[in-house]
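To keep things clear, I will list the structure first and then write my remarks on it.
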Amino acid sequence: MRQAILNAVSHRNYQLRELRVCSPGGSRLEVVSPGGLPPGITLENITDLGSHHAIRDSHTEVFSKCGLVERSGQGVNRMFEESIKESKPRPDFAGTDDYQVALTLDGEVKILCLCAFWNELAETS
């Protein structure tokens, strides 16, 4: 959730007004950030680690200097990675278009034994 909100704030178009973050109930988080995806980023290449790196403005650099993000260009990949590790549905960008980035995170664990496996694996390494 933290990464989704940081991405929405750092990559949004500040010439447009509305940023929405809501939890419509249950374990879901919805984030809608104005301005669409940054130039060069598409839904098809959004997880291509390192191949595309777009910053709309300097907010990402500020977050990095404040210690809120480790390295720019990694946020979406971290969201997908954590969803897999926690056996949750992958981040859903349905509703994303040229005017907004819409992201839904579902916090419901789908396969409990997979979570236990990842935890056990982490403890042994």
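Taking Cα atoms only, the orientation of helix 75-85 departs from the longest principal axis of the chain by about 20 degrees.
With both labels modelled 7 Å from their Cα along Cα-to-Cβ, the residue 74 to residue 99 distance reads 3.5 nm.
The distance between label points at residue 21 and residue 44 comes to 3.2 nm (points 7 Å beyond Cα on the Cα→Cβ vector).
Between 80, 66, 114, the Cα set farthest toward the positive side of the dipole of the chain (charges on each charged residue's Cβ, about the Cα centre) is that of 66. Going by accessible surface with a 1.4 Å probe and the largest first, 123, 18 read 123, 18.
The values are calculated or read from the model by the stated rules, or taken from the named source; none is laboratory data. Here the structure is a predicted model, which means the values were calculated and not measured. Every residue, glycine as well, gets a Cβ built from its backbone with ideal geometry; the counts of neighbours run over all protein chains shown. Just the protein is used for accessible areas: all its heavy atoms, side chains included, with ligands, DNA and RNA removed. Shrake-Rupley method; radii C 1.70, N 1.55, O 1.52, S 1.80 Å.
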